[in-house]
Amino acid sequence: MRHFLHETDFAPKEIGDVFALARTYKRQRGRPCSVLAGKTWALIFSKSSTRTRVSFEVGIRELGGNTLFLNRNDIQLGRGETIEDTAKVLSRYVHGLVVRTYDHADVERLAAAGTVPVINALTDFLHPCQIYADAFTLAERWAGKRSNNLIGALKGRKIAFLGDTACNVANSWVIGANLLGMKISLAGPKGFAPSKTLDRMLEVQGLKEGYQFTTDPYEAVRGADVVYTDVWVSMGKEEETRKRVGQLSSYAVTAKLFAAAKPDAFFMHCLPAHPGEEVTQEVLDNPRSIIFDQAENRLHVQKAIITKLVAPKKRSS
Ligand code: CP
Ligand code: NVA
């Protein structure tokens, strides 16, 4: 049983296959597809969502399947039924699970106890679907329409991540950049450096390049091909709002900071954005801001991820 809980669940070669398939799905949108014919996938969400929920629901239906949206508090999980029992029961009804939750260990436990594929739709630690869609968005820009070497187009490029450099999207980009041969510089205040857990994961996966961490946002964006930011207050951190806004204010992506990256650099944000906090409206509206391409590509890339997860195993001859 294959799951998609971390960026590393696909080898770089397989990520190339996912991207190629995503490009085909994007070009052939509207063509009938039967990859999930007769199947139902459930989405279990403990946090809010616009892009992830809608792109998965639409994507699964476009693959020929049905969806079931389950708010954690509407099912017995919200009243204390164990994750393991929930996984075992749901595995008897549905053919796959898409899960958005707090503790990363919860998606691991669901995957371990159930008998259907599980996709991580964001935890406090990682947001792998986002990073695949983001990397695909960059690859399709840099590779051009005719090249099939989507992964190759990313090699050696530099991404600068500013602000909450310890959040799930930053963590996932650190892993993603290492996996895809990109360089990553993170700029945030002291205390926002990537966690020991992330360092350990990089080590275990043999991703040795790692990242650069600096408290100077201008140092991070120098020579960058991409300037990326995320909200300063992730879901679940609302109580820290005042403190975080104070700590992170000098890391806002302004037109001046964006101009310090390469002249053809792209601006990216996973969204939702808070204009006037982590980024100015001017930067969001810049012609090199590709935020809505990122959002759109969630759909195509997730369809490709699901297709790869449910593909029959190749027999070794
Ligand atoms: N980027 C992202 O995951 O957005 P949602 O929270 O709206 O799903
Ligand atoms: N870091 C943000 C990402 C939202 C898509 C959060 O977890 O709220």
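The values are calculated or read from the model by the stated rules, or taken from the named source; none is laboratory data. Being a predicted model, the structure only gives us computed values, none of them experimental. Glycine also receives a Cβ, built like all others from the backbone with ideal geometry; neighbour counts cover every protein chain displayed. The protein model used for the area step is the full one, side chains on, heavy atoms only, and it has no ligands, DNA or RNA in it. Shrake-Rupley method; radii C 1.70, N 1.55, O 1.52, S 1.80 Å.
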*Have a look at Phe19, Thr50, Ala252 and report the one farthest towards the positive end of the charge dipole of the chain, computed about the Cα centre with Cβ charges (Lys/Arg +1, Asp/Glu -1).*
Phe19
*With a 10 Å radius around each residue's Cβ, average the other Cβ atoms per peptide and rank 283-292, 76-85, 217-226, highest first.*
217-226, 283-292, 76-85
*Over the chain, give the accessible area per residue in Å² for a 1.4 Å probe, as an integer.*
46
*asked:* Only four residue types carry charge here, +1 at the Cβ of Lys and Arg and -1 at the Cβ of Asp and Glu. Report the dipole size of the stretch 103-157 about the Cα centre in Debye, rounded to the nearest 20.
replied: 560
*Dipole moment magnitude, nearest 20 debye, the stretch 228-317 about Cα centre, only Lys, Arg, Asp, Glu C-beta charged*: 760
*asked:* Which of the three applies to the stretch 235-295, rounded, prolate or oblate, going by the alpha-carbon gyration tensor with a ≥ b ≥ c and a/c under 1.5 meaning rounded?
replied: oblate
_Which residue, Leu150, Ser289, Val99, has the largest displacement toward the positive end of the dipole of the chain when charges sit on each Cβ (Lys, Arg +1; Asp, Glu -1)?_
Leu150
_Relative contact order computed over the stretch 34-143 (Cα-Cα under 8 Å; 6+ residues apart), in percent_ = 25
*Using θ = phi - 60° and the Karplus relation 6.51 cos²θ - 1.76 cosθ + 1.60, list the HN-Hα couplings for the stretch 202-209 in order, rounded to whole Hz, with x at every Gly or Pro.*
4, 5, 4, 7, x, 9, 7, 4
*Given H placed on each backbone N at 1.01 Å, which residues far from Phe266 in sequence or on other chains put an amide H within less than 5 Å of it?*
Val226, Val227
*Going toward the positive end of the dipole of the chain, with +1 on Lys and Arg Cβ and -1 on Asp and Glu Cβ, which of Ala139, Thr241, Leu202 do you reach last?*
Ala139
*For Phe69, which sequence-distant residues (separation of 5 or more, or a different chain) have an amide H within less than 5 Å of its own amide H, given hydrogens modelled in the peptide plane?*
Leu43
*Out of Asp216, Asp230, Asp74, any idea which swings most in a Gaussian network model of the chain, alpha carbons joined below 10 Å?*
Asp74
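Of all accessible surface on the stretch 3-42 at a 1.4 Å probe, what whole percent is carbon and sulfur? It would help to have the intermediate numbers written out before the result.
Numbers: 1020 of 1940 Å².
That fraction is 52 percent.
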*asked:* With the cut-off at 26 Å, tell me which of the pairs Lys26/Lys47; Lys190/Lys237; Lys145/Lys314 have Cα atoms farther apart than that.
replied: Lys26/Lys47; Lys145/Lys314
_Amide H within-cut-off set for Val253, under 5 Å, with H built and near neighbours excluded_ = Val279, Thr280
*Taking the Cα centre of the chain as origin, work out the dipole magnitude from +1 charges on Lys and Arg Cβ and -1 charges on Asp and Glu Cβ, in debye rounded to 20.*
1220
*From the backbone phi of the stretch 300-307, what are the Karplus-calculated ³J(HN,Hα) couplings (6.51 cos²θ - 1.76 cosθ + 1.60, θ = phi - 60°) in whole Hz, Gly and Pro given as x?*
5, 5, 5, 4, 5, 4, 4, 4
